1. Residues of segment 123-154 being within 18 Å of residue 178 (Cβ to Cβ) and either small (Gly, Ala, Ser) or outside any helix (DSSP H, G or I) (or both), which ones?
2. Condition first: open to solvent by 70 Å² or more (accessible area, probe 1.4 Å) and assigned to a loop (DSSP other than H, G, I, E, B). Now tell me which residues in segment 7-47 satisfy that.
3. In segment 198-208, is there at least one residue being under 28 Å from residue 84 (Cβ atoms), open to solvent by 30 Å² or more (accessible area, probe 1.4 Å), small (Gly, Ala, Ser) and over 19 Å from the mean Cα position of the chain (by Cα)?
4. I need every pair where a residue in segment 221-233 that is open to solvent by less than 30 Å² (accessible area, probe 1.4 Å) has its Cβ under 9 Å from the Cβ of a residue that is among the acidic types (Asp, Glu), sequence separation at least 6 or different chains.
5. Working carefully through the options 172, 135, 184, find the one that is away from ligand 2 (no atom under 16 Å from the Cβ) and open to solvent by 10 Å² or more (accessible area, probe 1.4 Å).
6. Across segment 216-243, which residue is farthest from residue 168 (Cα to Cα) among those that are among the polar types (S, T, N, Q) and in a helix (DSSP H, G or I)?
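The values are calculated or read from the model by the stated rules, or taken from the named source; none is laboratory data. Predicted, not measured: the structure shown is a model, and the values here were computed from it. Neighbour counts run over all protein chains shown; Cβ positions are idealised from the backbone, glycine included. These accessible areas exclude ligands, DNA and RNA; they are computed on the full protein's heavy atoms, side chains included. Shrake-Rupley method; radii C 1.70, N 1.55, O 1.52, S 1.80 Å.
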Amino acid sequence: MELFNETNKLAAVIHKDHTLLPVINRLGAKLGFGDLTIGELCAKEGLDMTFFVEILNVFHNENYFPRRKLLDFSVTIVIDYLLKTHRYYLEYVMPEQERLIDLFLTDCVNGCKENELIRKFYNTFREEFISHVSFEEEKVFPYIITLNGIILNSRRKDTLSDQWLGFTIKGFEKEHGNMDEKMFDLKNIIIKYLPPNYDLNVGNSLLSNLFMFEKDLKNHARIEDKILVPKVKQLEKFIKNDE
Ligand SMILES: [Fe+2]
Ligand SMILES: [Fe+2]
């Protein structure tokens, strides 16, 4: 299994796996880093090198998931990374997908009624995705930060406001599976069922974009389900059952 470490030059890493480009941006690196190694770049930009390397590897290699190591990172650094990923999805990936869907539909010839199915499916996915992300940003993440703050400042559980006392992370993981299924169906409609009466290059661009998004989303959900959720369960146990 190929894994990167802090002695690798970041330029060489990108040449090997360019799908890491948005990942390094979210981690705080911008292009133009010359021959700097990951270690040198992190020192220069004040980034957490271990987190940088681990996230790159988790994304690069789907069989790599050092759960114990990842659980050691602070809740703040993990949530900051997840929030940046949400921004990337909402402000760049999804508008680009909508643009490609528009193009896909305008370029089709001889009646494109069936192709409209794509828009319908996409809109359902988009709605569910946006409400999922809002729930995370408005409820889940603030809840975790609150619990973490109580532990860090050795405060008592009665400092937890009513808003959070009845809240629990249970059942949260299921949501990711539903979205994976919808993304899979969306790709399959184009691959298997729609008549190819659209511009094939546009169709391929749309599909490539969906495949990239699906990969990114799986990694994102993996970090939320396998790192964030266990951390919260641990915090919940400490704080809510401490009588
Ligand atoms: Fe998320
Ligand atoms: Fe999520």
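1. Those that are within 18 Å of residue 178 (Cβ to Cβ) and either small (Gly, Ala, Ser) or outside any helix (DSSP H, G or I) (or both): 131, 134.
2. 7, 30, 31, 32, 35 - these are the residues of segment 7-47 that are open to solvent by 70 Å² or more (accessible area, probe 1.4 Å) and assigned to a loop (DSSP other than H, G, I, E, B).
3. So far as segment 198-208 goes, yes, one or more of its residues are under 28 Å from residue 84 (Cβ atoms), open to solvent by 30 Å² or more (accessible area, probe 1.4 Å), small (Gly, Ala, Ser) and over 19 Å from the mean Cα position of the chain (by Cα).
4. Cβ pairs passing all conditions: 221/173; 221/175; 221/180; 224/136; 224/173; 229/173.
5. Answer to the selection: 184.
6. That would be 219.
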